[in-house]
1. Classify region 181-250 as rounded, prolate or oblate, taking a ≥ b ≥ c as the square roots of the eigenvalues of its Cα gyration tensor: rounded when a/c is under 1.5, otherwise prolate if a/b is larger than b/c and oblate if not.
2. From largest accessible area down, sort 39, 391, 166; use a 1.4 Å probe on the protein chains.
3. Enumerate lysine pairs in the chain that are 8 or more residues apart or on different chains, then count those whose Cα atoms are under 30 Å apart.
4. Take the chain, mark every one of the chymotrypsin sites (Phe, Trp or Tyr not before Pro) that falls in a DSSP loop and has at most 13 other Cβ within 10 Å, then report the longest stretch left between them, sites excluded.
5. If you rank 248, 156 by how much accessible surface each has, with a 1.4 Å probe, what is the order from largest down?
6. Using a probe of 1.4 angstrom, how much of the accessible area of region 230-331 is carbon and sulfur, in percent?
7. For Rg/Rh (Cα atoms, Kirkwood Rh), several values are listed as (1) 1.07; (2) 0.96; (3) 0.98; flag the one computed from this structure.
8. May I ask you to give the solvent-accessible area per residue for the chain, in square angstrom, as obtained with a 1.4 angstrom probe?
Amino acid sequence: MTLDMRTLQQVADWLAVAVVVSLPWSTSASVILIVLWLLAVLPTFAVKDMRRELLTAAGGLPVLLWLFAAIGMLWADVPWVERIDGLGGFHRLLVIPLLLTQFRRSQYGPCACYGFLISATVLLALSSLLALLPSWALDHVPIFGAHAKAYGVPVKDYILESGIFLVCAFGLIGAACERWREARWPTIAALLCLAACFLANIAFVAVSRTTVVVVPLLAIVLGYRYFGWRGIALAGIGAAVLAAVALKASPYLHLRVMHSFTELRTYRSTDAANSTGLHMEFLKKSAAIVAAAPVIGHGTGTIAEQFRLMASGDAGSASAVATVNPHSQIFAVAIELGVLGAAVLLAMWAAHALLFRGAGLMAWIGTIIVVQNFLSSLVNSHLFDFGQGWLYVFGVGIIGGTVLRDAQTPPAVPSAASPGVTP
């Protein structure tokens, strides 16, 4: 029986790794693997282990937010179909304590990171191929039964792709910093070269406007983590220089940035329903909706109804557009659950950031995932989006469990039988 349980645990570990590897590529494959992973991992848990995780801030706050959303269905003034659908965005948060429990005892956390990096590197190569040979690739290279969706974007969308590349780039830079004191220059050069390839793809091939904002802020966090206050200044100067060079060298990046300013001016003068204008309109309306029910919100599943009530103006204008996505994770929660729900969300992010406050590469990768999700969620509802949401859940769960496992593992000591061996 013990052997069978150990085998099942190993199967669950590899399935979790497979989920992470599949996230950049296929929604259907990820869903199937997540279901198989749940079937494999749930029988391996002991009640005391789950209780321990639920009593921590990192494992308990995601469940508390889900419970708040479940109760929030009671005061929502919309059909129950919409209430249940609204709760669906919170379901994946329940997986975080499961993964923390699993990877407290598992040695496969680094395997998940390596697998994700390899998967993302293959995606980088394919994205670069589509960029170098766009007409040939778009016409002749089938991707999972279909052709590439856009220039440099073989699967999913450019927002998720650039987010994945950002995580990999800063993870590789962190790995190079970890090896800096060891003076392992060939390894450092290789890591920085691959990181530069990821960043170059972001700058020259496919980038989201959110990523443009997150990059310099993550650079500052990295500078402080590895080099203290001096690192903040160095990272700030370096990020400014690289941004200037990238804007000069990449017509694509320059066009994306300037187009956003043009859209903003057009929205302010004509109420045009362009991409930037809609973002601003949704944020403005979200603030008004939250102000109407500030404490506990309008109830779970009410976002679409509230925006329908707020729609006004001529057809085709930004103010006339009703949405189901306020394009802000904080507002998405606050509309339904008020400032109390938003406070739980912010506390969850803070608890996960504190989980990775220690030293080491795994802790740095966890920090990247939390900081990126928090910053991007200011103008996106990324926890409710499939790719970004599951990337956060599995990233925090797997790496968080690994960090907790390493923290509770005592350091090796010399054996009494081998006095000449040093640890």
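The values are calculated or read from the model by the stated rules, or taken from the named source; none is laboratory data. Being a predicted model, the structure only gives us computed values, none of them experimental. Using ideal geometry, Cβ is built from the backbone for each residue, glycine included, and neighbour counts are taken over all protein chains shown. Each accessible area value is taken on the protein alone, full model and side chains, heavy atoms only, with ligands, DNA and RNA left out. Shrake-Rupley method; radii C 1.70, N 1.55, O 1.52, S 1.80 Å.
1. It comes out oblate by the Cα gyration axes.
2. Details: 39 125, 391 25, 166 0 Å².
The ordering from most to least exposed comes out as 39, 391, 166.
3. Details: 149/248; 156/248; 156/284; 156/285.
Counting lysine pairs in the chain gives 4.
4. Working: sites that count: 144, 180.
Answer - 181-423.
5. Numbers: 248 175, 156 35 Å².
Most to least solvent-accessible, the answer reads 248, 156.
6. Numbers: 3760 of 5340 Å².
The value for region 230-331 is 70 percent carbon and sulfur by accessible area.
7. Given (1) 1.07; (2) 0.96; (3) 0.98, the calculated one carries the label (3).
8. Working: 19810 Å² over 423 residues.
Heavy-atom accessible area per residue stands at 47 Å².
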